[in-house]
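Just below is one structure, and these are the notes that go with it.
The values are calculated or read from the model by the stated rules, or taken from the named source; none is laboratory data. For clarity, every value in this text was computed on a predicted model and none was experimentally measured. We place every Cβ from the backbone using ideal geometry, glycine too, and count neighbours over all the protein chains shown.
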Amino acid sequence: MSFNHNTSAGNIFVDLSGPFTNIHFILRVGFLRTIIDVLALICTLLPTAVVAWTCLRLELRRTAYHALYSTLGLFSFVGGAQMLTCHYCWVAGSRLGNSLHVVLGVLALWVGILGIYAKSAIKRRENKQHDIAEQERHISSKHSWCGLLGYLLLLACAITGVILIFVGALAVHLFHRIFGFSGFVFLASSQWFSYNTAFARRQWDRRWIIGLQLATLGAVFLVGYDEVFHISYDIVNIFKQRRL
């Protein structure tokens, strides 16, 4: 049996000749990654579709507006932007893929801030109906803290992305990846905690909530696993350059 590993192409070729004369079995990691990409897409779009259907059924009243725009912008669009640069989909690395990456990033920031503003406006109107002692703070839960930190990291990712247009240094690229990946993790965590809110409990039963949480968790691992390898690879290359 012979074994050949080509990391640059992302393929592993395993030749199982010997006991199987003239039969060659080829294990292509690229094909396996296509399967992972499909699963990642399902885990990303499934919660988005369920939340969107529920919020549209509620005619985007009150929290439904916040839930739809935050899920669409800060979970679905961010996950899609990550996949376009890290995974081996057919447009990754191409001019089209890079353009879509930028478009989804801009849409994530714009649609996401609309969702954040909607929730802030709702809470501000509700607080006006209560005394100061009874008013609820704007950032008072794990869901809101993770969402805020994730959005700030997403902003940092966008800033480093703009810098990359003019300065193609590996260190800038590394920070761009770290900000993007960590931002997605925090935003997905916010999405996870959102299923424990009163709004989610009113709309879905326990089985639906567990399913949505599992899909969100699956999206984190399936979308982010390749980015971890890219970040590690960039760190190793930076240390190599410094040693030289």
Checklist entry - With (1) farther than 24 Å from TRP110 by Cβ; (2) of a type outside the set (Gly, Ala, Ser); (3) under 12 Å from the mean Cα position of the chain (by Cα) as the list, and GLN241 as the residue in question, which single condition is left unmet? => result (3)
Checklist entry - Can you pull out the residues in region 197-244 that are of a type in the set (Asp, Glu) and either touching a residue at least 12 places away in the same chain (Cβ under 8 Å) or crowded, with 18+ Cβ neighbours inside 10 Å (or both)? => result ASP226, GLU227, ASP234
Checklist entry - Within the set of pairs 6+ apart or on separate chains, which have a first residue in region 24-50 that is surrounded by 13 or more Cβ atoms within 10 Å (Cβ to Cβ), a second that is at pLDDT below 80 and of a type in the set (S, T, N, Q), and C-beta atoms under 8 Å apart? => result ARG28/ASN11; VAL29/ASN11
Checklist outcome for this item: Note: among GLY168, GLY180, GLY218, just one is farther than 21 Å from THR54 by Cβ and in contact with a Cys (Cβ under 6 Å, 6 or more places away or on another chain), namely GLY180
Checklist entry - Assuming SER194 fulfils every condition listed in (1) farther than 25 Å from ILE42 by Cβ; (2) among the hydroxyl-bearing types (Ser, Thr, Tyr); (3) touching a residue at least 60 places away in the same chain (Cβ under 8 Å) apart from one, which condition is it? => result (1)
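Considering only residues that are of a type in the set (Val, Ile, Thr) and over 18 Å from SER76 (Cβ atoms), which ones fall in region 202-244?
Taking region 202-244 as the starting set, the residues that turn out to be of a type in the set (Val, Ile, Thr) are 209-210, 216, 220, 223, 228, 231, 235-236, 238.
Once the filter is applied, which keeps residues that are of a type in the set (Val, Ile, Thr) and over 18 Å from SER76 (Cβ atoms), region 202-244 yields ILE209, ILE210, VAL228, ILE231, ILE235, VAL236, ILE238.
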Item to check | So LEU60, is it more than 17 Å from LEU148 (Cα to Cα), of a type in the set (A, V, I, L, M), free of Cβ contacts under 8 Å to residues at least 12 places away in the same chain and in contact with a Leu (Cβ under 9 Å, 6 or more places away or on another chain) | outcome: yes
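Where in region 144-244 are the helices (runs of 4 or more DSSP H), entirely inside, with at least 3 residues that are among the β-branched types (Val, Ile, Thr)?
Values: elements: 170-194, 198-203, 206-243.
Answer list for region 144-244: 170-194, 206-243.
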Checklist entry - Which one is farthest from GLN82 (Cα to Cα), of the residues in region 141-187 that are in contact with a Phe, Trp or Tyr (Cβ under 7 Å, 6 or more places away or on another chain) and of a type in the set (A, V, I, L, M)? => result LEU149
